[in-house]
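Worksheet: one structure, shown below.
Only the coordinates and a few stated rules stand behind these numbers; no lab work does. Here the structure is a predicted model, which is why all the values come from computation and not from measurement. A quick note on method: Cβ atoms are made from the backbone with ideal geometry, for glycine too, and the neighbour counts reach across all protein chains shown.
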Amino acid sequence: MTSVRLCLLSLLLLASGSVANSPPRIAIIIDDLGYKLEAGRRAIRLPGPISFAVLPGTPRARTLAAEAHASGKEVLLHLPLQARSDDSMQEPLGLNLNMNRQEFGDTFEAALISVPHVIGINSHRGSLLTRHPGHMQWLMEEILARDNLFFIDSYTTHRSVALMVAYELGVDARKRDVFLDPDRDPKTVVREFERMKSLADKRGSVVAIGHPYAATLELLERELPKLAEQGYELVTISELVSPP
C-alpha cells in the first residue's frame, strides 16, 4: 500500500511540475476585418495561430473569412453591439437596445450567415449593450442555440456583465485582457505588446486584441516569430476559452 501511495505521489508531483513549467500562453485576435482587402490579407499572413474577427455584412467579410479559414486560422464573428444611447449603429447587422426579442434573434442569425467558418463570437464596441443583463441573456441564448460557439467579451467597459451572463447560461467564454493598439502610435503598440507578455507571465495566459493597422501589423510581423524563444506559447483563442 505504501509503495502505491508513493507512486501516486510521484505522479502528482510530476504532473504539477509539468504545469508549473509550461510556458505562458498568448492568444491574439485581429478585429475589424471586412472592409479593407489588402490590410485583411496582410493580417491573415501573420505567422502562427492568430485568430480573426470579421465584421458581418461588410464588403470583404466572406472573402477574408474564407481566406483566413483556408490558411488554417480561426474565424470569429465580430458582432457590433450598441456603444452609446445615441449610437446610430453605422456598422451593418448590429444589435441595439431598441430591438425586441425577435428582431434581436433575426439580426444575430443574419450576421452569423454573412461570415462563413465562424467558431465563436466576439463583441465589437458594446459599452452600452454589454451592461444590460437582459440583452446579454438574449445574446447568450442565441449562441447556445448553435452548436460549439463560444463568446469573447472585448470588454470595452468595466461595467460589462457579458462574461457573468455567459457563465450563468453555460456559454464557454473569456474576456479580453489587452488592447494592443488603443491608438495607432507605434510606441503605444510596442508598450502594449510588452504589457501583454508581462500579464502572461503573471497569469499564465492572456488574450490580446489588435486591429489591422499598419503599426500593429509591422510589430506583429517582427515580434511574433520571437515569442517561442522568449518562452511564450502562441495559441488559438479557442484554447483559452474558459468553460462556465
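Listed values, structure above:
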{"item": "Inter-site label distance for Asp86 and Ser198 at 7 Å from Cα along Cβ, in nm", "result": "3.7"}
{"item": "Relative contact order of the range 96-244, defined on C-alpha pairs under 8 angstrom at six or more residues apart (%)", "result": "20"}
{"item": "Helix axis angle, 2-20 relative to the chain longest principal axis, alpha carbon, degrees", "result": "40"}
{"item": "Distant-in-sequence amide H partners of Asp31 (H built 1.01 Å from N, under 5 Å)", "result": "Ala53, Gly210, His211"}
{"item": "Rounded tilt (10° steps) of 61-70 against the dominant C-alpha axis of the chain", "result": "20"}
{"item": "Label point distance in nm, Ala145-Asp183, each placed 7 Å from Cα along Cα→Cβ", "result": "4.3"}
{"item": "Choice from Ile209, Ile121, Ile113 showing the highest fluctuation, given a GNM over the chain with Cα pairs closer than 10 Å", "result": "Ile113"}
{"item": "Interchain or long-range residues, amide H under 5 Å from Val235's placed H", "result": "Ile26, Ala27, Ile28"}
{"item": "Cβ-Cβ FRET estimate between Glu103 and Glu239, R0 fixed at 45 Å, reported to 0.05", "result": "0.85"}
{"item": "Fluctuation leader among Leu64, Leu112, Leu227 - the chain, Gaussian network, Cα springs under 10 angstrom", "result": "Leu227"}
{"item": "Between helix 101-114 and the chain: long-axis angle, C-alpha atoms, 0 to 90°, nearest 10", "result": "70"}
{"item": "Amide H partners (placed H, <5 Å) of Lys175, local residues excluded", "result": "Asp153"}
{"item": "Note, ³J(HN,Hα) from phi for the range 203-208, Karplus 6.51, -1.76, 1.60, rounded to Hz, x at Gly and Pro", "result": "9, x, 7, 8, 10, 10"}
{"item": "Cα gyration tensor category, rounded, prolate or oblate, for the range 160-224 with a/c compared to 1.5", "result": "prolate"}
{"item": "Calculated P(r) tail over 23 Å for the range 26-240, as whole % of Cα pairs", "result": "42"}
